[in-house]
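The values are calculated or read from the model by the stated rules, or taken from the named source; none is laboratory data. What you see is a predicted model; the values in this text were computed from it and never measured. A quick note on method: Cβ atoms are made from the backbone with ideal geometry, for glycine too, and the neighbour counts reach across all protein chains shown. With ligands, DNA and RNA removed, areas are computed over all heavy atoms of the protein, side chains included. Shrake-Rupley method; radii C 1.70, N 1.55, O 1.52, S 1.80 Å.
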Amino acid sequence: MFKPLAVLALSAVPAFAQAPAASPAPAASPAPAATPVPPKPAPELQKLAFMLGDWVHEETYQTTPFGPAGPGKGRSKVIWVPGDQHLNITYAANTPMGRVEARGFVGYDAEAKAYRMSWFDNMGMATHYTGQFAEDGSLTFTTEYAYQGQKVKEQFLVARKDEAKLVFTARVQAPDGSWQPVMESVAAPPAPAVPKP
């Protein structure tokens, strides 16, 4: 007798009371940030590749306020800094002024459209140069600094002598505006080691 009423009562229960609501899906984790990609080297940097290598230097110094004239011998190694954005130069030489050791970095400033070289040595010098390639393919850096209270304007040139040699020339500007050489260094790859018999 009460069975139809029970069925009717159950059929009148709202749907939300008949089954539990589905739980919301968990929020998606944020995607991992993209790894920054280092910028590609500027095409102008490839023009510096002629300086790469291991070099033995035969040098000639002129008498200057920096020191006496005479011969010198040195060794340098030029490699790319990881990422190929700068050259790293390691240099050591016996000169008329004594032992010189230095580190240099050469790169390209895209904003200034110029090459840059920073040179640090055991004499306490920290010299910064700006450079450009000439039509003959040589690279000329210029800088100005004070030495013993005197203003010095210097040029440092790097040129390929032939397929196997480089020539580095340093010169300073004389009072009449002419450029006076103070050092020339001819660099060649080291001679191959002779195997012992």
Quick one: accessible area per residue over the range 88-151, 1.4 Å probe, rounded to a whole number of Å²?
57
In Å, what is the Rg of the alpha-carbon atoms in the range 23-180, and how long is Dmax?
21.2, 89
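Give me the number: length gained by fully extending Ala112 to Val167, i.e. 0.36 nm times residue separation minus the C-alpha to C-alpha distance, one decimal in nm.
Length gained between Ala112 and Val167: 17.2 nm.
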Considering only protein heavy atoms and a probe of 1.4 Å, how much of the accessible area of the range 46-123 is carbon and sulfur, as a whole percent?
57
Obtain the nm distance between the two label points defined at Gln85 and Asp176 by a simple spin-label model: each point lies 7 Å from its Cα along the Cα-to-C-beta direction.
4.6
Hey, could you grab the Kirkwood Rh for the range 144-197? Inverse mean 1/r over distinct alpha carbon pairs, Å, one decimal.
13.7
Taking the Cα-to-Cβ direction at Lys151 and at Glu58 and moving 7 Å from each Cα, how far apart do the two end points lie in nm?
3.9
If R₀ is 22 angstrom, what is the calculated FRET efficiency for the pair Asp121 and Lys73, using the beta carbon separation as r and rounding to 0.05?
0.85
Tell me which lysines have Cα within less than 17 Å of Lys165's Cα, excluding those fewer than 8 residues away on the same chain?
Lys47, Lys73, Lys77
What is the gain in length, in nm to one decimal, between Ala33 and Arg103 on full extension, counting 0.36 nm per residue of separation less the C-alpha to C-alpha distance?
21.5 nm
